[in-house]
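Heads up: the structure comes next, in structure tokens.
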Amino acid sequence: MHNLLTAASAASPVPGNAHGSYLTMHSKNGLIFGVINLVGNFATVFNDQAYWQRAIASKPASCVKAYLLGGVAWFAIPFTFATTLGLAAVALRGDPSMRILTPADISAGLPAPAAAAALMGKSGAAAMLVLLFLAVTSATSAELIAVSSILTYDVYKV
């Protein structure tokens, strides 16, 4: 993987990254993305009814620990998937098993499923589909519970 990514950065260097490398933590665009993501995620947490319901229903001593542990666990999963599958998509560029991605495909978020399918075949594509289904159903469940609580306490009670 390291050799493939080094060759990819030599063939098409990344503007704004140190030496055009994919394997660096010194990235101007990465820093900008990190700040935007941090601000956006704080806004999501402060404005989402599901988070407030959990915080109010919990004991203060356990709530702080749970939110910190949950934040660390939440960060690890998307960061690992994005890094490994995104870099795998770059490293496998030109490989016969990797489909050619257009800029529209990349904007649509298809590098991760394409890399999973190239690495593991149909089972990789199926695993990504299951992962997407689980993420959507989990988020939908939390929001449906939040909306039903709002309707129950703010509309029905009045």
Using just the helices of the chain, give the 222 nm mean residue ellipticity in deg cm²/dmol: DSSP H runs with n ≥ 4 each add -39,500 (n - 2.57), and the total is spread over all residues, rounded to 500. -24500 deg cm²/dmol
Reported label for calculated log10 I(q)/I(0) by the Debye sum over Cα atoms at q = 0.16, 0.20 Å⁻¹ given (1) -0.98, -1.35; (2) -0.91, -1.22; (3) -1.07, -1.35: (3)
Here the gain from full extension of Y153 to N47, 0.36 nm per residue of separation minus their alpha-carbon distance, amounts to 36.4 nm
Computed over region 71-135, protein heavy atoms only, probe 1.4 angstrom, the accessible area per residue in square angstrom equals 65
Separation between the L131 and L144 pseudo-spin-labels, each 7 Å from Cα along Cα→Cβ, expressed in nm? 2.4
Portion, in percent, of the accessible area of region 119-158 that falls on carbon or sulfur, probe 1.4 Å: 76
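The values are calculated or read from the model by the stated rules, or taken from the named source; none is laboratory data. In this text the structure is predicted, and so the values were computed from the model without any measurement. Reconstructed Cβ throughout: ideal geometry from the backbone, glycine too, with neighbour counts over all protein chains shown. Accessible surface is based on the protein model in full, side chains and every heavy atom, while ligands, DNA and RNA are left aside. Shrake-Rupley method; radii C 1.70, N 1.55, O 1.52, S 1.80 Å.
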